[in-house]
Structure formats: structure tokens, C-alpha cells
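This structure is in C-alpha cells; I'll ask about it shortly.
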Amino acid sequence: MRELNLTKEQHEWLNEWLERWGEWVYSGRLEKRMSSVIAKFMESVEPGRVMTRPMCNDDDGMLISQVVDSVMYIDKKAFGILLSYYAHGSSK
């Protein structure tokens, strides 16, 4: 199987969107009543964090969440890393 690599520009574009999505998720904009895996995960997040990063709009956030949800079914560890890094700001 051939390994796929992103160009620097593709990586920067993707990272920017994931950072905006991470702030959107952490802000609580993802509706809790939805059966989203991310919404269930975010129920354990501590309240009261001040937003300091740019955030995507709700339409973009929902679209990205659907894609990220699908990652969980392929690789739960990768899903956890995405949430830890982008939504919770954990270090690399």
C-alpha cells in the first residue's frame, strides 16, 4: 500500500480548519441532543474555559464533526488524539 503525504500547504490548510473545529467543539456549540460521538465525549469537559482561538461557524463545525466521527470507526486512538490535541489543546 502506498503511503500518502500532504504538502506543506495542505497540512497548514487542514490544521487551520481542525484548530477552528476544536475550538468550536470545546465551546459547546455541538448540540448535546445529537447522537454524536464527539458530543458524548465532550460531556466530561470542564466548564468555564475562556475561548482564545478562532472558531468555525456551526455549518462547518457540523461537517467537520461528521468526518471526525467517521475516524473513530476506523481508528479510536486517532480519534482520541484529534480530540485531545484540537479540542483540549493538549501538546504534541
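The values are calculated or read from the model by the stated rules, or taken from the named source; none is laboratory data. A quick note: this is a predicted structure, and the numbers were derived from the prediction, not measured. Methodologically, a virtual Cβ is constructed for each residue, glycine included, from the backbone with ideal geometry; neighbour enumeration extends over all protein chains shown.
Being at pLDDT 85 or above, aliphatic (A, V, I, L, M) and either in contact with a helix residue (DSSP H, G or I) (Cβ under 7 Å, 6 or more places away or on another chain) or surrounded by 13 or more Cβ atoms within 10 Å (Cβ to Cβ) (or both) is the requirement here; does residue 38 meet it?
No; evaluated as a whole, the condition is false for this residue.
Within the group 16, 12, which residue is closer than 15 Å to residue 87 by Cα, modelled with pLDDT of 90 or more, surrounded by 10 or more Cβ atoms within 10 Å (Cβ to Cβ) and acidic (Asp, Glu)?
One residue alone meets the criteria, 16.
Separate question: Scan segment 53-62 and tell me whether some residue there is surrounded by fewer than 14 Cβ atoms within 10 Å (Cβ to Cβ), at pLDDT below 85 and touching a helix residue (DSSP H, G or I) at 6+ places or on another chain (Cβ under 8 Å).
yes
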